[in-house]
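Let me begin by presenting the structure, written as structure tokens, before commenting on it.
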Amino acid sequence: MKFEESVKKIDEIIAALENSDITLEDSIKLYKDGAELISSCRKELDNAEMLVTVADSDF
């Protein structure tokens, strides 16, 4: 999944969790899915930062 798609999905999960009409089980599943997406996005951002740092040090 692309970074932008992951961010959009995280936003959707947040909106769903703010909805008080969902069950506890659904809330837990959404929370876990969101945590995995956030972790994936964080790794991608860390990799991008490393690439920028390496590229910057080459100049």
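A compact table of results
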quantity	calculated
Enumeration of residues in region 41-59 that are open to solvent by 70 Å² or more (accessible area, probe 1.4 Å), among the aliphatic types (A, V, I, L, M) and touching a helix residue (DSSP H, G or I) at 6+ places or on another chain (Cβ under 9 Å)	L45
Out of I22, I38, sole residue that is among the β-branched types (V, I, T), in contact with a helix residue (DSSP H, G or I) (Cβ under 8 Å, 6 or more places away or on another chain) and in a helix (DSSP H, G or I)	I38
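The values are calculated or read from the model by the stated rules, or taken from the named source; none is laboratory data. What you see is a predicted model, and the numbers here were worked out from it, not measured in a lab. FYI the Cβ positions are ideal-geometry reconstructions off the backbone, even for glycines, and counts take in every protein chain you see. Side chains included, ligands, DNA and RNA excluded: accessible areas come from the protein's heavy atoms. Shrake-Rupley method; radii C 1.70, N 1.55, O 1.52, S 1.80 Å.
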